1. Report the label-to-label distance for Trp147 and Asp107 in nanometres (one decimal), using points 7 Å from each Cα along the Cα→Cβ vector.
2. Report the label-to-label distance for Ser63 and Lys140 in nanometres (one decimal), using points 7 Å from each Cα along the Cα→Cβ vector.
3. If each residue of separation counts as 0.36 nm, what is the full-extension length gain between His129 and Thr22 once their alpha-carbon separation is subtracted?
4. In nanometres, what is the gap between the two model label sites at Arg55 and Arg95, each 7 Å from Cα along Cα-to-Cβ?
5. For region 41-173, just the Cα set please: Rg and Dmax, both in angstrom.
6. Rounded to whole Å and ordered largest first, report the semi-axes of the equivalent ellipsoid of region 98-178 derived from its Cα gyration tensor (root of 5λ).
7. Below 12 angstrom from the Cβ of Thr152, what's the summed charge of the other residues (Lys, Arg +1; Asp, Glu -1)?
Amino acid sequence: MSSAIAISGRHWPFDFNYEPVTDSGRTIQHTLTQKRNYLQGSASDWVPTVQAALRNMKHECRSPDWDGSGANLVSDQTIVLTEIIAEMLSTLLPRGAPAPDVIPESDGEICINWSVDIDRLYSLSVGSHGKINFAGQFGKEGGIHGWQPVDTTSRENLEKSLQDVARQISRLYTTPVKKRKA
């Protein structure tokens, strides 16, 4: 599989399984993670990158067993639906939301994944069946998973279909305000 499909942000030389032991170390790690994952501009800045990854996927995953391990082909319909969903999410996500990874799955679906760190991530699985499966983990706030239909009959219906998903993804990039001790 080509490396052009994974489109995550830059990797810092200190991206290893480091676990800080002090409060100041945790603060520094949190700040670096936010800076690494919070790009300047708008979410629409990443749409061309997602489109390029999907074009590459169309070429590389168009036949059964594209991964050499029995994977189902990724259909043109799934690629088109993924692009439509990604474009709509780019308009619904907050300014500066980073690009997701776009990854073909062996069942013929496509995963759109946002990852802040090991316990703050969100994934959508898009197939040609007209629904999305999703799972999110939000650190100490807990997690969520499920599925929902996606209505592509109009732009308004698509937006309504994805508003809750966009709110869930946005939770990755907003940190709860800690109350100051009196």
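Only the coordinates and a few stated rules stand behind these numbers; no lab work does. This structure is a prediction, so every number in the text was calculated from the model and none was measured. Quick reminder, even Gly has a Cβ in these numbers, built from the backbone with ideal geometry, and neighbours come from all protein chains shown.
1. Here the answer is 0.7 nm between the modelled labels.
2. It works out to 5.3 nm between the two label points.
3. Numbers: separation 107, 0.36 × 107 = 38.52 nm, distance 4.77 nm.
Result for the pair: 33.7 nm of gain on full extension.
4. 3.0 nm
5. Cα only, region 41-173: 14.4, 41 Å (Rg, Dmax).
6. Numbers: eigenvalues 103, 51, 22 Å².
Working from the Cα gyration tensor, I get semi-axes of 23, 16, 10 Å.
7. Values: positive: Lys131, Arg155, Lys160; negative: Glu83, Glu87, Asp151, Glu156, Glu159.
Surrounding charge for Thr152 is -2.
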